[in-house]
Each structure stands twice: as structure tokens, then as C-alpha cells.
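Below is one structure; the comments refer to it alone.
Taken together, the values in this text are just the output of simple stated rules run on the coordinates, not laboratory data. Here the structure is a predicted model, which means the values were calculated and not measured. Here Cβ is always computed from backbone atoms with ideal geometry, including for glycine, and neighbour counts include all displayed protein chains.
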Amino acid sequence: MVASPIAVDGSTRIMGVIGDPIVQVMTPQTINPIFAARGANIVCVPLHIGARELDTAWAGLKAIRNLIGFGITLPHKQAALRLCDSLDPLAKQVGAVNVVRREADGSFRGYQFDGKGFVRGLKGQGHALSGRHCLMVGAGGAAIAIAFALAEEGAASLSIANRTPAKAEALAAAVNRAVGRSFARSGTAQPEPGQIIINATSLGLSASDPLPLAANLVDETMLVAEVIAKPEITPLLEAAGARGASIHSGIHMIRGQVDLIAAHMAEPQTET
């Protein structure tokens, strides 16, 4: 069955998704049906913007009057902090932005939905987080948001492995300060039985990427989760599944947050 084309007219408002690369993003095809169901004349489109062009592109985005905001993916989530006119408290705490909304006064305000989306995605698939021990590979924008969300959800502990250990140590210290307990620590990509393993890196976007951790370390007691939504089954998930582990695609993280983002973007803004 061929999907009905999205009706676009002169009053259509635009939501972008910026990143580099951009072919992997799943937000447009998941959020556009939600906009349609809400009766919102909004269409979401991918916008390929490289890191070197971000400042120039940002000024151009602000000049597009019918652009209501945009999602942000790699590699811009932290760079966007300095470009936003204001930040939601959660985005400021996390230190990364994954949604920017044009406010009523025309300013760009940064928000953070990655952590909420990841947790909602896991819970939606029946995976409880309270009391669970977790290992996360990566310490970038999405990883930071997920670390805070895991702590808030009541996970027992989080070990963070990153190619730059200082980043993992800084993230662990920030989360521990925020939650007031010794929850996170810097570690290695060596999973332990029963852990939730989270790949929060970009490794897996390409079939030629190395695995973020050795597959022979995974066993049937573990749950292996991705932030990558395309491909839905990454090489890591395929290898983990072959070893009997439960697997969880990054598409659930996208689906876990798109309804929140759609409501956030579609709600009318009033000047304060």
C-alpha cells in the first residue's frame, strides 16, 4: 500500500531535524503521522548540516519564519547549547540539546527529550529499570541524557565506558552530584551478568563500524539496548541476539519521545 502524501500548503509550519549524517534519522516518518492525527499542519523534514556549517545554518534557520523548531542529532547536541537563546532546566543540567523550539518572542530555546524517550522506550517494551545495574558505552549528548534518566528512574548503578576516560569520569561525577548518591562511575566495556548494556555511541550506523564492545562478552542474562534507530537491528544487536541476550532497538527510544515532542511543538506559544 502506498502511503498518502502529506498535504503541504502555504500555511504549513516546518519542523526540521539537523545532523551529519542525516540519512539514519527516523523522526520524520514517526512524528509526521502524529502531527496529522492531531490535526496540526506541521511537517517534519531532515536537514543535512555539517559541524562546520552549524553557526551559519543556525542564522538561516532563525530567518525561516514558518520554522517552528527542529530536532538535533549527531554531532550537534552539545554544540547547540551555546547557540540557543535560552535553555530548559533539564537541557542545562544534561549539557546537551536534542530539540529546539521557536518561542513566542522568536527566540530559540533548547530542550532535552533523549533520556525520557530512552526510558519510555524500555518501559514500553516491558523492561523495568528500578534496581538494575547498567553499563553504557559512550559519553556524548544522548549518553548524558540517558545517564540522568537512568538515575531518576531508580537504576541501581551505571558504569560508563568511553574512548576518552576523562569524559566518562566527568559525566559520572555530574550525575552523582545531581542525584546525591554514588550511582555512576567510569569503567570499561566489560559487561557483568544481568546488566543492561547500552550502546550510546554512533558505532553501528554503518555495517563496517567495529562493535562498541566485544560480542563474546555478552550472555543470555543481559539486555542489550541501542540508541541507533536505523538500522533497527544493528550489528551489535544481531550479535547479542545470537548469544541469547535480550535486545532492544533504538527505534523504541525515538517512539518513546516523538509524541512528547509533537505535543511540545504543536502547542500554541504565548509571550511571557
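Just order 21-29, 46-54 by mean Cβ neighbour count inside 10 Å, highest at the front, would you?
21-29, 46-54
Per DSSP H run of n ≥ 4, the term is -39500 (n - 2.57); total these for the chain, divide by its residue number, and report the mean residue ellipticity at 222 nm rounded to 500 deg cm²/dmol.
That comes out to -10000 deg cm²/dmol.
Counting only C-alpha contacts under 8 Å and six or more residues apart, can you give the relative contact order of the chain as a whole percent?
17 percent
Ranked from highest to lowest mean number of other Cβ atoms within 10 Å per residue, what is the order of the peptides 234-240, 135-141, 259-265?
Listed from highest to lowest mean packing, they are 135-141, 234-240, 259-265.
So if each residue of separation counts as 0.36 nm, and I subtract the Cα-Cα distance between GLU232 and ASP209, what length gain in nm does that give?
Result: 6.8 nm gained on full extension.
Note down the relative contact order for the stretch 13-121 as a percent, whole number, built from C-alpha pairs under 8 angstrom at least six residues apart.
25 percent
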